[in-house]
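Student: Quick one: structure below, then a few questions.
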Amino acid sequence: MRKVQIYIEGVMLDLFNDEQVNLNSTVQNISDISKIFTDFSQSFHIPATKHNNKVFQHWYNSDLEFYDPTSAGGTLSSYDVNIRKDARLELNLTAFRTGKIQLEKANLKDGKVDSYSVTFYGDVTSLKDKFAEDMLSDVDMTSISHTYNGTEVYNRITDHTTDYDVRYPLISSSRYWTNTGGGTDDITVTNGRIVYTELFPAVKIKKLFDVIATHYGVSFNGNFLANERFTKCFLWAKNAKDFQFITAEQVINFNSVTYASGTPVYSTIDLTNDTISYTELLDTTAPGYGQVFVPYYYFIDTNIQVSDTSIDYYIDVYKNGTFSHTVQGISNNTYNVIQDINSPGLNEQVQLKIRAANTMSIQASIRAYWFAPNVASPTYPASTFEKEISNISCLTQNLTGNVDLTTLVPEMKVSDFFSGVLKAFNLTCYGTDIDTFQIEPLDDWYSLGEIYDITEYTDVASIDVSRVPLYNKIAFKYQESESVINKQFKALFYREYGNTEQSFTYDGGEFTIELPFENLMGQKFTGTDLQVAYALDENLSPYTPKPCLMYMYTNQTTSVKFYNGTGEQTITNYLPFGQEVNINGQTDFSLNFSADRSTFSLAPNYNNLYATYYESYLLNLFNVRNRLVSVKTQLPLSILTKLELNDRVVIRDKRYVINEMKSNLNTGEVSFTLLLDFREVRIPIVVPTNPGANCVDVPINLGNGVCSVNIATLTAGVTITPSTVTSSQVISVCVPANATPQTKIVTEESNSLLPPILRKYVVTEAFENVITENSSQQSIALTVTETYCNGAVNDYTIYITQP
C-alpha cells in the first residue's frame with residue numbers, strides 16, 4: 001500500500017489507514033468532445049481527529065464561531081463550506097496533483113462527529129468556481145480603457161504600426177453605408193461621412209484573458225496566447241443599438257469628515273478606503289434594552305456639484321464590494337442613495353462610484369445618518385429624529401473622457417466567453433499549479449507528451465476492446481445572425497455563413513459544437529480594398545448582435561470621409577475586420593468553420609477553424625481501425641506520478657492516447673480507457689514568412705519531462721534569439737531574403753507600374769498563377785534539440801519557408 005498525503009492550504013490532513021482514494025482524470029472525453037474535463041475524486045472519508053476538527057473548525061456544530069486573527073479586525077468566523085479550498089495530493093511524499101478540496105458533509109455516530117466526507121477537484125474546476133456567475137462587465141477593465149475622442153478613434157482605425165488593444169472596426173450600427181451615389185450614406189463624400197460616435201470598439205481577446213486573469217488572481221500560460229491567430233482576434237464591444245459614451249467609473253474620494261452629533265457608535269467612515277459602514281442600531285434606553293429599534297433607517301445623501309449641468313451622471317452604489325444599484329442624476333442636486341431599514345444582523349459597507357456621459361468635473365459632499373420618521377407626521381427630512389450624523393467632504397474629481405469597456409462589452413458570462421474561445425480554437429486548459437493554467441490547441445498539447453511502454457504493468461488477460469461510440473454527423477456552428485448580409489447568404493445557401501457539417505458513415509446520433517458568438521459577415525465594395533459590415537437587420541434597422549468575434553487583417557488603402565467631432569479627415573488607409581487574419585504576409589487563417597469564400601479576398605479559405613484545430617483529432621477518432629480499449633494496470637510510482645493525460649502509452653505493438661484514467665492512489669491500480677493513435681507523435685511545424693529579409697516568431701514548446709531546448713541551423717545569415725530556452729516560449733528567428741523568390745508572370749497588357757493586386761497575371765486552367773522558371777522556395781531548417789531532465793536527448797525540425 002502506498003501512503004497518500006492530502007494538504008488543504010498547506011496543512012496536511014490526518015487520514016484513515018485503510019481509506020481508499022480514487023481519482024478520475026480526463027481532459028477531452030469521447031463522450032463530449034466539445035468540453036474540457038479535469039481531475040475529480042470519488043468522495044472519501046477522513047477521520048474527525050482533533051487536528052482535522054481544527055482544520056474544518058468543527059463545522060459539524062453550527063452554533064460555534066471562532067476568533068480569526070487573520071481576518072479584518074479579528075472578527076469571528078467559521079469554516080465556509082461553500083468555498084473550495086486549495087489542495088494538493090502526494091504519493092509517498094511525491095507531488096501528484098493540485099486542485100481544490102470540497103467538504104461535503106460531517107458524519108456523526110451516537111451524537112459525536114466521527115468523520116468528514118470530502119471530494120478533490122482538479123484545477124480547471126477551481127477556475128469555474130472563480131468565474132461563478134460573473135458577467136464580463138463585472139471584470140475590471142480599467143487597464144485597457146483609453147481616451148475617447150474623434151482623433152483617438154481615427155488613430156485606432158488607421159494606425160497600423162501601434163499595437164492597440166482596442167480598435168474601431170468599420171461596422172455600421174445606424175445606416176447602410178455605400179461608396180457611390182454621393183448621398184447621405186455614401187461614406188466617400190462629405191454628405192455621408194462616418195462620424196466617430198457611430199463606431200463601437202473591439203477588444204483583443206488576449207487582453208480580455210489578461211484582465212480576467214488579473215481580476216481573479218490566476219495566470220494563463222501557453223505559446224498560442226502569443227500567436228497572431230490569437231492576438232489579432234477581437235471581441236466586438238457592442239451591447240446596445242446605439243453607441244452611448246460613458247466615462248470610466250471613479251470611486252468618490254473622501255477628504256474629511258465631521259460629526260454633527262458626537263462620534264458615531266453604529267456607523268464608521270473610512271477615509272482611506274472611501275467607505276461608509278453601519279451595523280444594527282440597538283435601543284439602549286427603552287424597555288427591552290439591547291433590542292433592535294426597528295423604526296430607524298440609515299440614510300446616505302449625496303450632493304453633487306458639476307462643471308456641466310447639461311450632462312447626465314450616474315452614482316453606482318456598491319454594498320460589501322458588490323454592485324447594488326445606480327442613481328441617475330443631472331445638474332447640481334442632492335440624491336438619496338441609501339435608505340436601509342434597521343434590522344437584526346444589519347452589517348453593510350457602502351462605497352460610491354460615479355461616471356458620466358461626457359468629460360466633466362464633480363464635487364461631492366455626503367451626509368450619512370440614522371433617521372426615524374415621525375409617526376404622526378412622517379416627513380423627510382426631520383432633523384429632530386436624526387442621529388449619528390456624519391458630514392463627509394470629498395475631493396474635486398475629473399471624470400475623464402475614457403471609454404469604460406465594462407459598459408460596452410456584450411452581456412455574457414465570463415465562463416461562457418472563456419469556454420467559447422476554447423471551443424473556437426479547440427484549446428485545452430489544464431492546471432500546472434494552484435491558480436496557474438496552461439492553454440494550448442489540443443493537437444499541440446498532444447505533441448508535447450511522452451511515450452510510456454506499460455506492457456509489463458498491464459493485465460493482458462482482462463483487456464476489453466469496444467467500438468468507438470461515434471456520431472454520424474458533427475455540426476460546427478455560430479449563433480444565428482440577424483445581419484442583412486448574413487440573412488442574404490442564408491437565403492441563398494440554406495445555412496449560416498461559416499458553419500459546416502461533417503458527416504460520417506456510422507450508426508450514431510448527431511453532435512453539435514456551437515459557439516456563443518455571432519459570425520458577422522462583411523461586404524467588400526467592388527473594385528476597392530474597402531470592407532465594411534452592418535449591425536442592421538433585413539429592414540436596415542439597427543439591432544444588438546450576439547457577441548461577435550472578428551479578426552483584424554493587414555493594412556489596406558482606401559478613401560473614406562471621417563468626422564472627428566471638430567473637422568473632417570480622409571481615411572486613406574485602414575485595418576479591415578472580418579473572418580481572416582494574415583500571418584507573416586503569407587498565410588490567411590479564417591474564423592469560419594467552413595471553407596466559405598472570404599468576403600475580403602473573395603477566395604475560399606481552407607485554413608479554417610475546423611481544418612486547423614479539429615480535423616486531425618477527429619480523423620484519428622473516426623478512423624475505421626480505431627477501437628476503444630479498456631485495460632487494468634499496476635503502475636509503479638515512477639510512472640504514475642509523471643504520467644500526463646497528453647502522454648501516449650504503448651501496450652505490445654500498439655500506441656494509444658488516454659481517453660480516461662481511474663487511479664486508486666493507495667494500491668497503484670490504474671484503469672484506462674484508451675484510443676488507438678494513428679497520428680504523428682510530433683506534428684510537423686512549418687512557419688511561412690515573406691520572401692524578404694525579416695524576423696519571424698517561432699513557438700518553442702517544451703514537452704513533458706524536457707528541461708532545456710537548443711535551437712540551431714546550418715543556413716548562413718540566420719540569427720536565433722534566444723537559441724537556448726528552459727521553458728516554453730516564443731523565440732525570434734531573423735532570416736535573409738530569398739535570392740530567387742517566386743515571381744508571377746504578368747500578361748503583356750498588364751501595367752507593371754500598378755500595384756501587384758491590380759496587375760493581370762498569367763493563370764492556368766485551374767486559375768493558379770504561373771511563376772517564372774528561376775523561382776524557387778527557400779526552406780530554412782531549424783534543428784531543435786530537446787534535453788530531458790533524465791539526460792535523454794531528442795531532435796526534431798522546424799521549417800521556415802519563403803516563397
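Student: So, counting K/R as plus one and D/E as minus one, what does the shell of residues with Cβ under 12 Å around Arg355 add up to?
Tutor: Cβ neighbours under 12 Å give a net charge of -3.
Student: Keeping all protein chains in place, calculate the accessible area per residue for the chain (probe 1.4 angstrom), answer in Å².
Tutor: Spelled out: the 1.4 Å probe surface of the chain, per residue, equals 45 Å².
Student: What stretch of the chain, leaving out the sites themselves, is the longest with no trypsin sites (Lys or Arg not before Pro) in a DSSP loop having at most 16 other Cβ atoms within 10 Å?
Tutor: Answer - 242-466.
Student: Just the number: Rg to Rh for the range 478-534, Cα atoms, Kirkwood Rh, two decimals. Spell out each step's value before the answer.
Tutor: Working: Rg = 14.8 Å, Rh = 13.5 Å.
Taking Rg over the Kirkwood Rh, I get 1.10.
Student: Defining a contact as two alpha carbons under 8 Å apart and six or more residues distant in sequence, what relative contact order in percent does the range 477-577 show? Walk me through the numbers on the way to the answer.
Tutor: Values: 160 pairs, mean separation 27.0, N = 101.
This gives 27 percent for the range 477-577.
Student: In nanometres, what is the gap between the two model label sites at Asn149 and Lys490, each 7 Å from Cα along Cα-to-Cβ?
Tutor: Simple spin-label model gives 4.3 nm for this pair.
Student: So, one more: Please compute the Cα-Cα pair-distance distribution of the range 580-621 with 5 Å bins starting at 0, giving whole percents from short to long.
Tutor: 6, 25, 30, 20, 11, 6, 2
Student: In addition: Which peptide among 245-254, 438-447 comes first, and what is the full order, when sorted by highest mean count of other Cβ atoms within 10 Å?
Tutor: 438-447, 245-254
Student: Given R₀ = 45 Å, what would the calculated FRET efficiency be for Arg597 paired with Asp86, taking r from the Cβ atoms and rounding to 0.05?
Tutor: 0.35
Student: Grab the Cα-Cα distance for Tyr176 and Asp242, subtract it from 0.36 nm times how many residues apart they are, and report the gain in nm with one decimal.
Tutor: 22.3 nm
Student: Follow-up. Expressed as a whole percentage, what fraction of the accessible surface of the chain belongs to carbon and sulfur atoms when a 1.4 Å probe is rolled over the protein heavy atoms?
Tutor: For the chain, the apolar C and S fraction of the accessible surface comes to 49 percent.
Student: Grab the beta carbon distance between Asp435 and His51, set R0 = 30 Å, and tell me the FRET efficiency rounded to 0.05.
Tutor: Values: r = 26 Å, r/R0 = 0.87.
Using R0 = 30 Å, I get an efficiency of 0.70.
Student: Under 8 Å for C-alpha pairs, at least 6 residues apart: give me the relative contact order for the chain, rounded to a whole percent.
Tutor: Relative contact order comes out at 13 percent.
Student: Turning to a different aspect of this structure: Given the convex hull over the Cα atoms of the range 158-209, what projected area results after averaging over all orientations, in nm²? Don't jump to the answer; show the numbers that get you there.
Tutor: On the way: hull surface 17.7 nm².
About 4.4 nm², averaged over all directions.
Student: In 10 Å bins starting at zero, report the fraction of Cα pairs in the range 455-557 per bin as a rounded %.
Tutor: Taking every Cα pair in the range 455-557, the percentages come to 12, 29, 25, 15, 9, 7, 4, 0.
Student: How far is it, in nm, from the label point at Glu456 to the one at Glu680 when both lie 7 Å from their Cα along the line to the Cβ?
Tutor: So the label points at Glu456 and Glu680 sit 3.2 nm apart.
Student: Shifting gears a bit: Which value, to two decimals, describes the C-alpha radius of gyration of the range 386-469 once divided by 2.2 N^0.38 Å?
Tutor: 2.28
Student: Want the number for Thr162 to Glu480: 0.36 nm per residue separation, take away the alpha-carbon distance, what's left?
Tutor: Stretched out fully, the Thr162 to Glu480 stretch lengthens by 111.1 nm.
Student: For a paramagnetic label modelled at 7 Å from the Cα of Asp140 toward its Cβ, which residues of the range 208-241 fall within the zone defined by backbone nitrogen distances under 13 Å?
Tutor: Those under the cut-off are 211-218.
Student: What pairs from Lys128/Lys319; Lys238/Lys487; Lys423/Lys477; Lys204/Lys238; Lys206/Lys423; Lys473/Lys662 go past 18 Å between their alpha carbons?
Tutor: In this structure, Lys128/Lys319; Lys238/Lys487; Lys473/Lys662 lie more than 18 Å apart at Cα.
Student: Multiplying the sequence separation of Lys662 and Thr544 by 0.36 nm and subtracting their Cα-Cα distance, what value in nm do you get? Spell out each step's value before the answer.
Tutor: Working: separation 118, 0.36 × 118 = 42.48 nm, distance 4.64 nm.
Length gained, Lys662 through Thr544: 37.8 nm.
Student: I would also like to ask the following. Tell me which residues come under 5 Å, amide H to amide H, from Tyr788 once H is placed; ignore anything under 5 positions away on its chain.
Tutor: Distant-sequence amide H within range of Tyr788: Cys707, Val793, Asn794.
Student: Could you check how many percent of all C-alpha pairs in the chain are farther apart than 37 Å?
Tutor: In whole percent, the long-distance tail amounts to 57.
Student: Ok, one more. Net charge around Asp464, counting only other residues with Cβ within less than 15 Å of its Cβ (Lys, Arg = +1; Asp, Glu = -1)? Could you put the intermediate results ahead of the total?
Tutor: Working: positive: Arg467, Arg627, Lys632, Lys654, Lys662; negative: Asp459, Glu660.
Neighbourhood net charge equals +3.
Student: Just to be sure I understand: if I project the alpha-carbon convex hull of the range 150-304 onto a plane and average over all orientations, what area do I get in nm²?
Tutor: Working: hull surface 69.2 nm².
Mean shadow area of the hull around the Cα atoms is 17.3 nm².
Student: If you filter the range 618-706 for GluC sites (Glu not before Pro), then keep DSSP loop positions with at most 12 other Cβ within 10 Å, what is left?
Tutor: In loop regions of the range 618-706 (DSSP not H, G, I, E or B), the sparsely surrounded GluC sites (Glu not before Pro) are Glu680.
Student: For Arg367, what charge total do you get from the other residues with a beta carbon under 12 Å from its beta carbon, if Lys and Arg give +1 and Asp and Glu give -1?
Tutor: -3
Student: If you don't mind, another one. Tell me the mean residue ellipticity at 222 nm calculated for the chain from its helices only (DSSP H runs of n ≥ 4, each -39500 (n - 2.57), averaged over every residue, nearest 500).
Tutor: Helix-only estimate at 222 nm: -2500 deg cm²/dmol.
Student: R0 = 60 Å: FRET efficiency of Ser62 with Gln634, Cβ-based, nearest 0.05? Display every interim value, and only then the final one.
Tutor: On the way: r = 44 Å, r/R0 = 0.74.
Approximately 0.85, to the nearest 0.05.
The values are calculated or read from the model by the stated rules, or taken from the named source; none is laboratory data. As the structure is a computational prediction, the values presented were derived from the model and not from experiment. Here the Cβ is made from the backbone with ideal geometry for all residues, glycine too, and neighbour counts use every protein chain on show. Accessible surface areas use protein heavy atoms only, side chains included; no ligands, DNA or RNA. Shrake-Rupley method; radii C 1.70, N 1.55, O 1.52, S 1.80 Å.
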